[in-house]
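Quick notes on the structure that follows.
The values are calculated or read from the model by the stated rules, or taken from the named source; none is laboratory data. This one's a predicted model, so the numbers in the text were calculated from it and none came from an experiment. Cβ placement follows ideal geometry from the backbone for every residue including glycine, while neighbour counts extend to all protein chains displayed. Surface accessibility is based on the protein's heavy atoms, side chains included, excluding ligands, DNA and RNA. Shrake-Rupley method; radii C 1.70, N 1.55, O 1.52, S 1.80 Å.
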Amino acid sequence: MAHEQASSRLGLGIAISLVAYIFFVTASSLVWSFKKIFPTIQIIFFLNCISLICTLPIALRKGPQRLKTNVLPIHLLRDAAGVLSYYLYYGAIRFLNLTDATTLNYTAPFFVPIVWWIWMREKIDLHVWWSIIIGFIGVAVILNPTKQIFQEGFVFGLFAGILSAIAFASLRVLNLKKEPMSRTLFYYFLCGTLFSSPFACIYWGAPTGIQWLKMIGVGLSTVIAQMLLTIAYRYGTASFLSPLGYSTIIYAAISSWLIFGIQPGIRSLIGTILIVIGGILTFILQK
C-alpha cells in the first residue's frame, strides 16, 4: 500500500490545525456557558444559520451551477448525521463537564472502521481492532459502568460519537466522489438550518444582549474552525493531521479548568489518555 508523503509545508498545516481546534473548543465553551438557559436546538440553529451565511459567498463564487450535485442522498446522510451529532454533543455538555463530553464525542474514530465495514464491506485490519479496544476501555473508565452508564449526558456523548462516525464515513464517500469542500459545507449548513429552524421556532428562548453575542460567537467559531481545517489539509495529509483532533480534548480540559474552575477527575484523566492513545495508535500502525 502506498504511503502518504509529508508535505514540505507540513509544519504550517499542523499549526493551522491546532488553531482550528481552539476555535472548535471556543464554540463548545460558549455552549457550556449557556448550560440549560436555551434549548439545544436553538443553539444548533444559530450555529448552522451563521455558518451558512459565511460559506454562501464561497460556494457561489463560481455561480449557482456549482451547487448542483449527483450525490444528494450521501450529502443528506452526512448532513443529518452531522447535525444530530452536534445536537447530542451539545446535549451532553448540558449534563457533563466539558472535558468528558468532548472526550466521548471524540470516540468517533473508533466507530468509523465499523461503519465503513458495514457500509463498504471493507475488512477491518487487526491493528485497528487493537486501537478500538483500547479506546473503548477508555470510554468504560469514563462511564464508570457500575454507577453512571445510563446517565443522559454519557449516553448523549457516546451516540454523538457514533453519529460523527457515520458523518465521517459519508464525508469520505463524498471525497471519493470528488465533491468540492465548498459544496459539501454549503449543503451541510443549509440542511442543518432547515432541519433545526422549525424546532428552534417552537422552543425559542429570547437571548439578552451578551447572550446574542455568545450565540453569534458559537456560529462564527465553528465556521472559522471548519475553514481553517480545510486550509490545513492543503499543507498536510489526513495521516499526519488527523491525530491532532485529540488536542481538542486537551483544550477542553484547559478551558474547563481555567475559565470555569472545573478540574478533571482521575477517571476522566485515565479514560481520556486511553482514548487519545487508541486514536493515535491507529495512525501510527497504519504507517
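Residues being over 13 Å from Ala165 (Cβ atoms) and part of a helix (DSSP H, G or I): count how many of those fall in the range 90-111. Looking only at that region, the number is 12.
Given the structure, is Ile14 outside any helix (DSSP H, G or I) and over 18 Å from Val223 (Cα atoms)? It is false that Ile14 is outside any helix (DSSP H, G or I) and over 18 Å from Val223 (Cα atoms).
Surrounded by fewer than 22 Cβ atoms within 10 Å (Cβ to Cβ) and at pLDDT 85 or above: is that true of Leu88 in this structure? In short, no.
When residues in the range 112-133 are screened for being open to solvent by 40 Å² or more (accessible area, probe 1.4 Å), in a helix (DSSP H, G or I) and modelled with pLDDT of 70 or more, 8 of them pass.
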